[in-house]
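Read through the structure below, which is laid out as structure tokens, and then see the notes.
The values are calculated or read from the model by the stated rules, or taken from the named source; none is laboratory data. What you see is a predicted model, and the numbers here were worked out from it, not measured in a lab. Backbone-built Cβ (ideal geometry, glycine too); neighbour counts: all protein chains shown. Accessible surface areas use protein heavy atoms only, side chains included; no ligands, DNA or RNA. Shrake-Rupley method; radii C 1.70, N 1.55, O 1.52, S 1.80 Å.
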Amino acid sequence: MSALDPQAAQLLARVARAALPPYWEVPPHLARRLYRETRAALAPPAPEVARVRLHVVHGRFALRGYWPALAAPEARLPALVYYHGGGWVIGDLDTHDVLCRELANAVRCAVFAVDYRLAPEHPFPAAVEDACDALAWVAENADALGVDAARLAVGGDSAGGNLAAVAALAARDAGRPKLAAQLLVYPATDQHGGFPSHERNAEGYLLTRQAIEYFRGHYLPDARLWGDWRASPLRAPDHRAVAPAFVLTAGFDPLRDEGLAYAERLAEAGVEVSYREYPDMIHGFLLFGGVLARAREALVECAAWLAARLAAR
């Protein structure tokens, strides 16, 4: 097993010294504030983009659209529909604003960040409904948005990676929209857990066993729903003909093994898959580009893969 990256070790020591309570010890509204404040402190400066626009979908949730810097006003761009992480309970458009800006510029695509409804106020399957409706809305309004519906991708990190995987499966089942790619960053793919990495990395690496139970308890309070493929895409009955995928995992992450299992399941189903593990990294690291060099490396790698997939259409 690889050693923990020194910068990641410094970050964990910094977290340990903080006087803030863990998420599972506070109510969701306070956990959201803690997440927003701490992520902002670890992010790199926000890059400039050509423009940012807010859109309201069905009067129920919002999308924030980003158009890359130097994009020609008349250009018809590929698009990425992006779902933020945060255990379906925390996280929002602002916690992932820098990442979405970076992806827009690096991939040279429009990015539509989804402000899906959060638990416990809106438990499963509300986030799934919003995820699928957001994707359909972007595809249906492609002309007005200046994007190419034939070059459309989904992506997300952690809980957002879960929603991206589910949205890709649902789009395949519905026959539309036809997706060019799915970008799954340390995705949650099986609510039952039980993988060795859940035990190996249960404590000490930001995402802990208690945090996972806290998030799942709010999102899926009925354990009978854990096996629903819309909650656990690894358990979908059929993964054939879903969009090509890039799956990224971190070695010191409880979700590492279920991310790998999902990549393997897609490959077994004949789906084109690229799998990349950062063995010395922790869960959530892609957002920490202000303090982790490896986060910047991963962003470049994700963007290069996605740009190639979207350009190939």
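The one condition from (1) open to solvent by less than 10 Å² (accessible area, probe 1.4 Å); (2) in a helix (DSSP H, G or I) that I212 does not meet is (1). When Y66 is tested against (1) surrounded by 24 or more Cβ atoms within 10 Å (Cβ to Cβ); (2) part of a loop (DSSP other than H, G, I, E, B), just one condition goes unmet, and that condition is (2).
Only one entry in A9, A79 is aliphatic (A, V, I, L, M) and assigned to a helix (DSSP H, G or I), namely A9. Take the conditions touching a Leu at 6+ places or on another chain (Cβ under 7 Å), open to solvent by 40 Å² or more (accessible area, probe 1.4 Å) and of a type in the set (A, V, I, L, M) and apply them to V300. Does it pass? Spelling it out, it is not the case that V300 is touching a Leu at 6+ places or on another chain (Cβ under 7 Å), open to solvent by 40 Å² or more (accessible area, probe 1.4 Å) and of a type in the set (A, V, I, L, M).
A3 - would you say it is of a type in the set (G, A, S) and either modelled with pLDDT under 95 or open to solvent by less than 40 Å² (accessible area, probe 1.4 Å) (or both)? No, not satisfied. Scanning region 217-257 for residues that are farther than 20 Å from V154 by Cβ, charged (D, E, K, R) and free of Cβ contacts under 8 Å to residues at least 40 places away in the same chain yields D222, R224. Of the residues in region 90-100, not one is open to solvent by 20 Å² or more (accessible area, probe 1.4 Å), under 23 Å from K178 (Cα atoms) and out of contact with any Cys (no Cβ under 7 Å at 6 or more places or on another chain). The listed residues are P47, P78, and the only one of them that is open to solvent by 20 Å² or more (accessible area, probe 1.4 Å) and more than 21 Å from F252 (Cα to Cα) turns out to be P47. S158 falls short of the stated requirement of being of a type in the set (S, T, Y) and farther than 23 Å from H96 by Cβ. The set of residues from region 193-203 being at pLDDT below 95 and either exposed (fewer than 12 other Cβ atoms within 10 Å of the Cβ) or in contact with a Cys (Cβ under 9 Å, 6 or more places away or on another chain) (or both) comprises just one member, G194. Residues in region 240-297 that are open to solvent by 10 Å² or more (accessible area, probe 1.4 Å), closer than 24 Å to L4 by Cβ and part of a helix (DSSP H, G or I): 10 in all. The residue that is surrounded by the most Cβ atoms within 10 Å (Cβ to Cβ), counting only those in region 124-183 that are under 13 Å from P233 (Cα atoms) and in contact with a Cys (Cβ under 7 Å, 6 or more places away or on another chain), is A167. In the set (1) in contact with a helix residue (DSSP H, G or I) (Cβ under 9 Å, 6 or more places away or on another chain); (2) of a type in the set (G, A, S); (3) open to solvent by less than 10 Å² (accessible area, probe 1.4 Å), G227 fails one condition alone, (3).
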